[in-house]
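Let me begin by presenting the structure, written as structure tokens, before commenting on it.
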């Protein structure tokens with residue numbers, strides 16, 4: 001079967017999405033790489049290597065780093081999707097205002113926010129997650145609004161309304177199932193962004209508080225100690241995780257292609 | 001076109017005014033210090049943007065034009081590298097490998113991210129433009145292929161790169177903050193980090209506002225260039 005085609009007799013939309021994702025090889029490798037990066041720390045602690053070794057510490061920091069990025073990114077994705085949905089649902093002047101606000105905020109170097117908060121309000125995990133999420137929200141809101149705008153006002157919704165469904169029923173039965181996948185693809189980049197922003201805060205020494213190791217704080221420690229070998233492992237793992245997240249995002253986007261009317 | 005440029009500039013005024021007010025309220029005369037240090041950071045960011053785009057965009061255009069084959073391979077590889085290496089990571093690695101080193105090394109490290117971004121955006125935009133209806137229409141009118149590429153597809157491919165200038169500058173600012181502190185350059189980024197580490201709210205907020213204003217100005221400049229290259233960008 002042609003990878004792009006969707007035959008409604010042979011498969012459900014969810015099955016088609018899964019097939020398209022599986023056909024995107026880099027995305028499948030990305031999922032595997034992320035799983036390995038998250039689990040290596042546990043395997044290593046069973047093998048019990050020397051606990052001061054920079055490579056061992058970097059492997060250990062994997063699940064903490066990815067968990068922080070996942071929590072911050074998910075929070076940002078939810079808020080951003082809500083922002084975009086509110087804008088599209090409101091329409092008119094309110095939509096313009098909400099979009100302009102998101103565009104203005106997205107044009108600022110928001111990666112400085114967690115650094116500022118860490119320096120002025122003290123370093124804490126909760127504050128770090130909140131500020132990392134805040135730094136990723138405007139871009140997510142813009143992406144969500146663009147996707148929803150393109151997909152939510154379609155003829156099927158109008159037909160369903162004409163057939164007598166209430167707006168809530170149209171939303172629940174038609175709009176949400178249609179936009180959920182594309183929305184996921186649109187907000188997916190917040191995960192990589194949250195990871196990069198958190199790592200930046202760690203690298204300048206104002207990220208996660210001291211007992212918590214993330215790849216960013218390890219990079220920051222290595223820079224402060226002028227130890228190039230200590231930097232190598234966390235930097236490589238961070239680059240690998242960012243590349244994997246990006247590849248998975250490409251796969252998610254390929255799983256929900258823009259359908260042509 | 002002129003009215004679009006004016007609209008862009010006027011649209012940025014409230015943001016710039018807010019940032020200036022924030023800086024003055026937060027730090028008083030510290031705002032002047034942040035502003036005085038800004039040219040160092042602007043030089044780094046603008047230099048890295050120019051260097052990176054000059055290297056990355058032609059490679060990306062080649063990759064968009066020759067999608068299969070050896071001519072497109074460097075651009076495709078560069079574009080794939082981009083998301084994995086944020087600017088601050090390139091700076092950290094350059095500092096560790098170069099053991100200190102010169103401002104030139106910092107500039108080269110900062111240029112990696114815009115080179116990759118420029119290659120990725122230019123590749124996608126040229127490939128999309130070549131499949132676009134206006135290219136087909138021009139060919140149908142009998143315009144020669146080379147002229148279609150130069151006059152019709154190329155501006156449409158470069159406009160999104162210009163439009164992304166603000167985003168690239170924002171990403172570079174993080175790298176410049178870390179780089180100035182590591183390489184000992186007296187810029188607004190180093191000032192920001194020093195104040196943030198010391199917990200000095202006023203100077204830190206003032207420096208952050210100065211950096212934000214710089215990125216906003218580059219964003220507006222990029223949008224105007226994008227609108228000049230491609231009339232469709234003026235509609236948004």
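The values are calculated or read from the model by the stated rules, or taken from the named source; none is laboratory data. Everything numeric here is computed off the predicted structure, so don't read it as measured data. Glycine gets a Cβ as well: all are built from the backbone with ideal geometry, and neighbour counts include every protein chain shown.
Considering each residue of region A:242-255 in turn, none proves to be more than 8 Å from every other protein chain (Cβ to nearest Cβ), touching a residue at least 24 places away in the same chain (Cβ under 8 Å), crowded, with 21+ Cβ neighbours inside 10 Å and not in a helix (DSSP H, G or I).
Conditions (1) closer than 19 Å to residue B:124 by Cα; (2) in contact with a strand residue (DSSP E or B) (Cβ under 7 Å, 6 or more places away or on another chain); (3) part of a helix (DSSP H, G or I), marked per residue:
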residue	(1), (2), (3)
B:53	yes, no, yes
B:56	yes, no, yes
B:68	yes, no, no
B:74	yes, no, yes
B:82	yes, no, yes
B:93	no, no, yes
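Could you tell me whether residue A:232 is surrounded by fewer than 19 Cβ atoms within 10 Å (Cβ to Cβ), closer than 19 Å to residue B:96 by Cβ and at pLDDT 90 or above? When the stated conditions are applied, residue A:232 does not pass them. Determine whether region B:37-47 contains at least one residue that is in a helix (DSSP H, G or I), more than 19 Å from the chain's Cα centre (by Cα) and farther than 25 Å from residue B:205 by Cα. No, there is no match, as no residue in region B:37-47 is in a helix (DSSP H, G or I), more than 19 Å from the chain's Cα centre (by Cα) and farther than 25 Å from residue B:205 by Cα.
If you go through region A:201-221 and keep only what is more than 7 Å from chain B (Cβ to nearest Cβ) and closer than 18 Å to residue B:99 by Cβ, you end up with A:220, A:221.
Just checking, does region B:107-114 include any residue being without any contact (Cβ under 8 Å) to a residue 40 or more places away in the chain and under 26 Å from residue A:107 (Cα atoms)? No: region B:107-114 contains no residue that is without any contact (Cβ under 8 Å) to a residue 40 or more places away in the chain and under 26 Å from residue A:107 (Cα atoms).
None of B:175, B:212, B:167 is closer than 17 Å to residue B:32 by Cβ and facing chain A (nearest Cβ under 9 Å) except B:212.
Identification of helices (runs of 4 or more DSSP H) wholly contained in region B:125-236 with 3 or more residues that are closer than 30 Å to residue B:22 by Cβ and out of contact with any strand residue (DSSP E or B) (no Cβ under 9 Å at 6 or more places or on another chain) yields B:165-183, B:188-198, B:201-229.
Evaluate the following for residue B:82: is it touching a residue at least 24 places away in the same chain (Cβ under 8 Å) and within 11 Å of another protein chain (Cβ to nearest Cβ)?
yes
Flag not set for residue B:156, criterion: under 22 Å from residue B:47 (Cα atoms), modelled with pLDDT of 90 or more and within 19 Å of the chain's Cα centre (by Cα).
Among the residues of region A:208-229, those that are at pLDDT 85 or above and part of a helix (DSSP H, G or I) comprise A:215, A:216, A:217, A:218, A:219, A:220, A:221, A:222, A:223, A:224. Kindly establish whether residue A:120 is buried (at least 19 other Cβ atoms within 10 Å of the Cβ) and either in contact (Cβ under 8 Å) with a residue 24 or more places away in the chain or within 11 Å of chain B (Cβ to nearest Cβ) (or both). No. Considering every residue within region A:165-173, establish whether at least one is facing chain B (nearest Cβ under 9 Å), over 20 Å from residue B:90 (Cβ atoms) and touching a residue at least 12 places away in the same chain (Cβ under 8 Å). Taking every residue of region A:165-173 in turn, none turns out to be facing chain B (nearest Cβ under 9 Å), over 20 Å from residue B:90 (Cβ atoms) and touching a residue at least 12 places away in the same chain (Cβ under 8 Å). Of all the listed residues (A:141, A:134, A:194), the sole one being part of a helix (DSSP H, G or I), under 18 Å from the mean Cα position of the chain (by Cα), over 19 Å from residue A:249 (Cα atoms) and modelled with pLDDT of 90 or more is A:134. Answer yes or no: is there a residue in region A:177-188 that is more than 14 Å from chain B (Cβ to nearest Cβ), at pLDDT below 85 and in a helix (DSSP H, G or I). Yes, region A:177-188 contains at least one residue that is more than 14 Å from chain B (Cβ to nearest Cβ), at pLDDT below 85 and in a helix (DSSP H, G or I).
Could you go through region A:104-111 and let me know if any residue there is within 17 Å of the chain's Cα centre (by Cα) and modelled with pLDDT under 90.
Within region A:104-111 (the criterion being within 17 Å of the chain's Cα centre (by Cα) and modelled with pLDDT under 90), the answer is yes, since at least one residue qualifies.
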